[in-house]
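Read through the structure below, which is laid out as structure tokens, and then see the notes.
The values are calculated or read from the model by the stated rules, or taken from the named source; none is laboratory data. What you are looking at is a predicted structure, and each value in this text was computed from that prediction instead of being measured. We place every Cβ from the backbone using ideal geometry, glycine too, and count neighbours over all the protein chains shown.
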Amino acid sequence: MESVSPISATESIFEWCNEQEDGLNFYIYENWPDMGSYLGSGFPPSEDEWQSYNEYLNADFHDWYLEYHDALVENFPSSCIKMIPVGILISELLSKSPYNEIPIDELYEDDAPHGRATIYFLASLISYMAIYEEKAPSDYEVQPIIHPIIANNYDLIADSFWKALNSFNDDSGESRVFCNTPVTSATVVKSNEKQITLVPNPISDYLKIESTYERHMASIMNVDGQIILKKKLIAGGNTSIQLGNLSNGVYFLVGKNDSSQILYSKIFVKQD
């Protein structure tokens, strides 16, 4: 019997769908992993267990999805295949104040983990903006079933998720999320001959940037779109940036040329 992998199984589904209708868009839903293996005394997790779980979610788990997505895009070049990075964006949100004050058992109901209403509300908010390629309406009335910390900060959360989706690109600068909407209002400059590599990723202290681009300005941004640091990178060289003082979470390295055109946007994770 021929072995079946996640990629081959997905390819079979894509092929069947394309036979039924032309021009379909495909979305890879990046969820969150099982929590059980990180729990020593059952659900809910301790503070250390919760941290270990999220470190895995932001590193190996997320990297698997990136490789999975890249393989499918390569094998179906004529189809629009995108990602909806739900798990990693929710994890980043819940690591920040005031959202980290919400008890875990008010977000999830078991170690599967099945989410409660608040988690699925956040997941649907990300999915809506990714699929419809528009920011969620600011006048949306959040229902009382959603945790008040989330409900009271709806506009800030929607803005944060929207900026993160707009910055979630592949190595060439192309959006991993949107089929039609540009990543930003600026034109992304693409070149197969130029590369940018970040090592290690995740980082704990120093971020090493290996670049073949000409001298340009690079900015480190958080998921809220705030610029944390700017650095002039030399032409075709290697640069190390000390980032040990950054809070754990997801960040973006965005390079621009002298005309403010985006050369690349790379995602990396900071974890101690």
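Points to keep in mind about this one:
- Test: residue in the stretch 132-153 that is crowded, with 18+ Cβ neighbours inside 10 Å and touching a residue at least 60 places away in the same chain (Cβ under 8 Å): no
- Residue match in the stretch 11-24 (condition: in contact (Cβ under 8 Å) with a residue 12 or more places away in the chain and within 21 Å of the chain's Cα centre (by Cα)): no
- Matching residues in the stretch 220-248 - criterion: being under 17 Å from D159 (Cα atoms) and surrounded by 12 or more Cβ atoms within 10 Å (Cβ to Cβ): M221, N222, V223, D224, G225
- Matching residues in the stretch 36-61 - criterion: being touching a residue at least 40 places away in the same chain (Cβ under 8 Å) and within 30 Å of S175 (Cβ to Cβ): N54, E55, N58, A59
- Count - residues of the stretch 213-226 that are modelled with pLDDT of 85 or more and part of a loop (DSSP other than H, G, I, E, B): 0
- Test: L94 is more than 15 Å from Y108 (Cβ to Cβ) and of a type in the set (A, V, I, L, M, F, W, C): no
- Residues in the stretch 120-131 that are at pLDDT below 95 and hydrophobic (A, V, I, L, M, F, W, C) were compared, and the one that is surrounded by the fewest Cβ atoms within 10 Å (Cβ to Cβ) is I131.
- Pairs where the first residue, in the stretch 79-103, is under 19 Å from E49 (Cβ atoms) and the second is at pLDDT below 95 and of a type in the set (A, V, I, L, M, F, W, C), C-beta under 6 Å, 6+ apart: E92/V223; E92/V250
- Residue check, K256 touching a residue at least 60 places away in the same chain (Cβ under 8 Å), touching a strand residue (DSSP E or B) at 6+ places or on another chain (Cβ under 6 Å) and of a type in the set (D, E, K, R): yes
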